[in-house]
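Undergrad: If you scroll down you'll find the structure; I have some questions about it.
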Amino acid sequence: MKYIKLLILVPIIGFLGFLPLANRIEPYVLGLPFLLFWLVLWMVLSPMILIIVYKLDPDNREVETE
């Protein structure tokens, strides 16, 4: 569980790491050029990944009061 914060790198790699591979117009996905679709996809996935990291991170758990 201590490596859960490494998931924060996934959106960065998705946005920047694979951007040269996604840099094309064809094919069209949902009516968008592939590059625009790729960027919108990562804009939607990034907050979801951050929420998962927040929920699974042990530093964010509330301390039980007795």
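Undergrad: Taking Leu36 as the residue in question, decide whether it is surrounded by 14 or more Cβ atoms within 10 Å (Cβ to Cβ), modelled with pLDDT of 85 or more and not hydroxyl-bearing (Ser, Thr, Tyr).
TA: It is true that Leu36 is surrounded by 14 or more Cβ atoms within 10 Å (Cβ to Cβ), modelled with pLDDT of 85 or more and not hydroxyl-bearing (Ser, Thr, Tyr).
Undergrad: Quick check on my filter: what residues within segment 1-49 are over 27 Å from Arg61 (Cβ atoms) and hydroxyl-bearing (Ser, Thr, Tyr)?
TA: Within segment 1-49, just Tyr28 meets the criteria.
The values are calculated or read from the model by the stated rules, or taken from the named source; none is laboratory data. Please read these numbers as outputs of a predicted model, since none were measured by experiment. Every residue, glycine among them, receives a Cβ derived from its backbone with ideal geometry; neighbour counts consider all protein chains shown.
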